[in-house]
Amino acid sequence: MLHRKELQNGMRIVLEEIQTVRSVTIGIWIKTGSRNERNSENGISHFIEHMLFKGTTNYTPQQIAEAFDAVGGEINAFTSKEYTCFYAKVLDTHKDMAMEILADMLLHSVFDEEEIEREKQVVLEEINMTEDTPDDIIHDHLAAVAYQEHPLAKPILGSKESVHRLEQSQLFQYVKDHYTADHIVVSVVGNVDASFMDKVEQTLQVETTSNSLQEEQLPTFHAGYIQGQKETEQAHLCLGFEGVSISDKDIYPMLIVNNVLGGNMSSRLFQEIREKSGLAYAIYSYHSAFIDSGMLTIYAGTSENQLKHVQDKIYTIIHQLRTQGISKKEWSNSKEQLKGLHILSLESMNSKMSRNARNELLQREHPSLDEIMNRIDQVQLEDVERLLNGLQIEQAAQAMITPK
């Protein structure tokens, strides 16, 4: 059973009772990510996520870690372009402890200056690791081409220069501006009843709505091309096409397009380029849905002497899908795949917690599984074909990394 509560200060709590498990997962989600940052503070959302674990007025960093290790629990966090989340999973007997420490991290992190300087080195190593992984960094290059001056173009980790510049005062100000009650959703899932929502409300006393922030800028998708070189064994290619937002009526047709194109092992890209031609080990597509936009991305990694062949095959597959459409088998299989993916993903408590949080944070609605299945069933073939027809190579963003 799903319970929802909106407090007077604007903070929202969603709680789902699952009485067949002995765990409780608690996530605190803040509607702020790299797209909410100024150029001078790029990477600050991700850096604050790190710093929340680096000590509060009540706990040292080691005490935070030990509190969860001592009960066999886990605590972790992540940052995206549009939100930040930190969460804990514990046995149901330790849910109060988990909630109290998570709340303390949000409300009373001290952002100690020595810890800031130490953590800068950690994040710089994380940036180095990403830059040393061409099949990872190329997706940042693609975003830079597709969104140009818009904040969605910026990397979540920030740059080495922007991370070096971060100061304690900036962290406190960013939290004050963005970690306001109206930007926060607390998602709880597991062996817990609705009364725990009172515990959340009492423990997490957050400042009310801030009106000082500007409206988010609507992104514009751009065609373009960027190429770089690295000391690497393979060439890496990304193509991006304008997608749809998370609340767009075309979201389910777009997911079917992605499935048929490169979203699974039976997709056109995987079968034609990897299985039948042996031209690549990694070849896939995925769709990123943001609040007000989206992007369908194709990735391929192959040897440099096969790159042109892989590109040509990708273009041919897209052309065939645009001109010939999809088969009856692809049509029926894709719908069933989407249903299966939705249902199977919810066997994880972490996935349930995340699903409920994103639904509340980004859409303020909680469709049941039956409603989702019905929406997938209602997708019409002409909707999919219309989206396929929009996959114009000349309108794509492209990024490439080749060996030096």
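The values are calculated or read from the model by the stated rules, or taken from the named source; none is laboratory data. These figures come from a predicted structure and were not determined experimentally. Cβ placement follows ideal geometry from the backbone for every residue including glycine, while neighbour counts extend to all protein chains displayed.
Here the helices (runs of 4 or more DSSP H) wholly within the stretch 1-110 that include at least 1 residues being assigned by TED's automatic domain parsing to the domain that holds Thr180 and closer than 20 Å to Asp177 by Cβ are 44-51, 95-108. Considered as a group, the residues in the stretch 145-176 that are of a type in the set (Gly, Ala, Ser) and over 17 Å from the mean Cα position of the chain (by Cα) include one that is nearest to Cys238 (Cα to Cα), and that residue is Ala146. Scanning the stretch 174-198 for residues that are of a type in the set (A, V, I, L, M) and in a strand (DSSP E or B) turns up Ile184, Val185, Val186, Val188, Val189. Filtering the stretch 2-16 to residues that are crowded, with 17+ Cβ neighbours inside 10 Å and of a type in the set (Asp, Glu) leaves only Glu16.
State the number of residues belonging to the stretch 15-33 that are under 30 Å from Leu157 (Cα atoms) and basic (Lys, Arg). Write out each step before concluding.
Restricting attention to the stretch 15-33, the residues satisfying the condition of being under 30 Å from Leu157 (Cα atoms) are 24-33.
Narrowing further to those that are basic (Lys, Arg): 31.
Of the residues in the stretch 15-33, 1 are under 30 Å from Leu157 (Cα atoms) and basic (Lys, Arg).
In the stretch 148-166, the qualifying residues are those that are in contact with a Leu (Cβ under 9 Å, 6 or more places away or on another chain) and not in a loop (DSSP other than H, G, I, E, B), and the one that is farthest from Arg35 (Cα to Cα) is His164. Only residues that are part of a helix (DSSP H, G or I) and surrounded by fewer than 17 Cβ atoms within 10 Å (Cβ to Cβ) were counted across the stretch 114-143, and they come to 14.
Selection within the stretch 200-237: residues that are buried (at least 16 other Cβ atoms within 10 Å of the Cβ), touching a strand residue (DSSP E or B) at 6+ places or on another chain (Cβ under 7 Å) and of a type in the set (Val, Ile, Thr). The member of this set that is modelled with the highest pLDDT is Val200. Just to be sure before I move on: is Ser169 loosely packed, with under 13 Cβ neighbours inside 10 Å, in the same structural domain as Glu6 (by TED's automatic domain parsing), in a helix (DSSP H, G or I) and not aromatic (Phe, Trp, Tyr) in the structure I sent? Criteria met by Ser169.
Going through (1) out of contact with any helix residue (DSSP H, G or I) (no Cβ under 7 Å at 6 or more places or on another chain); (2) exposed (fewer than 15 other Cβ atoms within 10 Å of the Cβ); (3) not assigned by TED's automatic domain parsing to the domain that holds Trp331 one by one, Met197 falls short only on (2).
Gly55 - would you say it is over 20 Å from the mean Cα position of the chain (by Cα), surrounded by 19 or more Cβ atoms within 10 Å (Cβ to Cβ) and more than 24 Å from Asp193 (Cα to Cα)?
Details: over 20 Å from the mean Cα position of the chain (by Cα): yes; surrounded by 19 or more Cβ atoms within 10 Å (Cβ to Cβ): yes; more than 24 Å from Asp193 (Cα to Cα): yes.
Yes, satisfied.
So in the stretch 256-290, with the set limited to residues that are aromatic (Phe, Trp, Tyr) and over 27 Å from Asn359 (Cβ atoms), which one is surrounded by the most Cβ atoms within 10 Å (Cβ to Cβ)?
Of the stretch 256-290, the ones aromatic (Phe, Trp, Tyr) are 270, 281, 284, 286, 290.
Now restrict to residues that are over 27 Å from Asn359 (Cβ atoms): 270, 281.
Numbers: Phe270: 20, Tyr281: 10.
Only one residue tops the list, namely Phe270.
Per this entry, Gly240 is counted among residues that are in a strand (DSSP E or B), within 20 Å of the chain's Cα centre (by Cα) and not basic (Lys, Arg).
I'd like to check which helices (runs of 4 or more DSSP H) are fully inside the stretch 320-397 and have at least 2 residues that are touching a residue at least 60 places away in the same chain (Cβ under 8 Å) and surrounded by 15 or more Cβ atoms within 10 Å (Cβ to Cβ). Show your work before the answer.
Values: elements: 328-345, 349-358, 369-377, 381-389.
So the answer is 328-345, 349-358, 381-389.
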